[in-house]
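The values are calculated or read from the model by the stated rules, or taken from the named source; none is laboratory data. Because the structure is predicted, anything quoted here is derived from the model rather than measured. Note that we place each Cβ from the backbone using ideal geometry, even for glycine, and neighbour counts take in every protein chain shown. In case anyone asks, the SASA skips ligands and DNA or RNA and just uses the protein heavy atoms, side chains included. Shrake-Rupley method; radii C 1.70, N 1.55, O 1.52, S 1.80 Å.
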Amino acid sequence: MFKIYALGVNYKSVRIEERERVSCPLKEFKEVVPLLKTTGVEEFFLLSTCNRTEIYCVSSSKENVENLLYTYLSYKGELPLKERFFLLEGEEALFHIFKVASGLDSMVLGEPQIVSQFKESFLECKRLGSVGKILNLVFQRAMRANKRVRSETEVSKGAVSVSYVAVELAKSIFPSVEGIKVLLVGAGEMGELASTYFKREGAKLYITNRTISKAKALAKKLGGEVVPFNSFKEFLSYIDVALFSTGAGKYLVNRKELTEVMERRNYKPLFIIDISVPRNVEPSSKKIDELFLYDIDDLKEVAQKNLKGREREKLKGEAIVLE
């Protein structure tokens with residue numbers, strides 16, 4: 001008998017230090033998916049975002065599901081984290097999957113990015129041959145639940161993204177965001193959203209990206225200036241806020257480099273918000289005087305303010321999911 005399972009880690013169960021060690025960018029799927037297809041699980045798809053790495057699967061054997069987890073963590077070189085992974089099955093697993101797809105399980109309730117990430121991950125796994133008719137049906141019903149939650153509740157009313165929360169954090173740091181110099185490192189969807197919010201608040205934007213054409217396109221769209229990627233570290237000496245949002249999967253700047261930056265600034269305060277998972281800024285940089293470094297877990301407190309007064313809408317959304 002086939003059963004649906006959900007397993008993984010997310011922002012509610014582990015800190016970013018552990019999440020980033022098991023994260024899996026979409027470009028890595030072509031290596032991971034064929035490996036997991038050898039575990040005996042009939043169907044599966046993988047979802048990895050800044051706040052979660054989870055696998056949803058169909059199997060006639062729980063032992064095969066355990067094998068899938070073992071294989072994934074072995075691939076990542078993180079077997080000791082096995083005990084940190086949750087495992088749900090049957091209706092409980094479906095409830096979780098539908099909540100994730102509907103934004104009801106997000107750090108920022110109702111955040112709009114999760115549905116596109118959910119779709120993108122599913123379609124890539126389908127292209128790689130790990131999805132069959134059962135998960136196809138689960139996906140269709142999850143999208144139906146998402147549509148009903150967004151149309152029949154106010155969960156999405158005033159909903160914001162992680163990028164927006166990052167800007168709210170900057171607003172809590174500065175008396176006014178208007179006129180401050182902001183360097184955006186990364187020109188993807190999250191970076192563009194952050195840039196849009198900063199621009200709306202009157203900040204002066206500087207944009208850098210490894211692909212210069214993307215930086216130029218975003219700068220033209222938002223009225224910012226382009227900083228060459230190979231010189232952005234030097235440019236940190238001249239700005240007020242740096243927001244890192246890339247899929248580099250490694251540190252782009254380390255503690256030694258930031259120490260040198262702060263010396264050049266004569267220790268004028270510098271605020272860095274790193275919403276990348278894995279992180280782009282070496283975490284120990286927090287120990288540098290007058291450098292204030294925030295990662296995505298530090299945004300939780302700001303995100304919780306978005307949740308206040310909206311619990312009723314969340315419960316209405318969960319009732320739709322259960323139906």
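What to note about this one:
- Considering each residue of region 188-198 in turn, at least one proves to be among the charged types (D, E, K, R), at pLDDT below 95 and surrounded by fewer than 16 Cβ atoms within 10 Å (Cβ to Cβ).
- Residues of region 107-129 that turn out to be under 18 Å from E189 (Cβ atoms) and in a helix (DSSP H, G or I), as a count: 12
- Among the residues making up region 199-211, those that are open to solvent by less than 10 Å² (accessible area, probe 1.4 Å) and either in contact with a Cys (Cβ under 9 Å, 6 or more places away or on another chain) or not polar (S, T, N, Q) (or both) are A203, L205, I207.
- Test: A242 is of a type in the set (A, V, I, L, M, F, W, C) and either without any contact (Cβ under 8 Å) to a residue 12 or more places away in the chain or not in a strand (DSSP E or B) (or both): no
- Residues of region 41-55 that are among the hydrophobic types (A, V, I, L, M, F, W, C) and either open to solvent by 60 Å² or more (accessible area, probe 1.4 Å) or modelled with pLDDT of 95 or more (or both): V41, F44, F45, L46, L47, I55.
- Selection of region 234-248 for residues being open to solvent by less than 50 Å² (accessible area, probe 1.4 Å) and of a type in the set (D, E) yields only D240.
- Within region 143-166, the set of residues being buried (at least 16 other Cβ atoms within 10 Å of the Cβ) and at pLDDT 85 or above comprises M143, A145, N146, V149, R150, T153.
- Assessment of region 249-259 against the conditions (open to solvent by less than 30 Å² (accessible area, probe 1.4 Å), modelled with pLDDT of 95 or more, touching a Leu at 6+ places or on another chain (Cβ under 7 Å) and in a loop (DSSP other than H, G, I, E, B)) yields no matching residue.
- Pair list, Cβ < 6 Å and 6+ apart or interchain, from region 90-107 residues that are closer than 16 Å to V58 by Cβ to residues that are open to solvent by less than 30 Å² (accessible area, probe 1.4 Å) and not aliphatic (A, V, I, L, M): A93/Y5; I97/Y56
- S121 farther than 28 Å from E28 by Cβ and among the small types (G, A, S): no
- Filter result (open to solvent by less than 10 Å² (accessible area, probe 1.4 Å) and not in a helix (DSSP H, G or I)) within region 87-106: S102, G103, L104, D105
- Output for region 221-233, where each listed residue is at pLDDT below 95, open to solvent by 50 Å² or more (accessible area, probe 1.4 Å) and part of a helix (DSSP H, G or I): K221
- Test for L184: is it crowded, with 20+ Cβ neighbours inside 10 Å and within 24 Å of D297 (Cα to Cα): yes
- Residue in region 56-79 that is surrounded by the most Cβ atoms within 10 Å (Cβ to Cβ), counting only those that are assigned to a helix (DSSP H, G or I) and of a type in the set (D, E): E66
- Condition met for R279 (charged (D, E, K, R) and part of a helix (DSSP H, G or I)): no
- Among the residues listed as K30, K62, K82, the single one being of a type in the set (D, E, K, R) and over 30 Å from I275 (Cβ atoms): K62
- Test: residue in region 280-289 that is closer than 25 Å to R19 by Cα, open to solvent by 50 Å² or more (accessible area, probe 1.4 Å) and out of contact with any helix residue (DSSP H, G or I) (no Cβ under 6 Å at 6 or more places or on another chain): yes
- Residue in region 276-293 that is touching a Ser or Thr at 6+ places or on another chain (Cβ under 6 Å) and of a type in the set (V, I, T) present: yes
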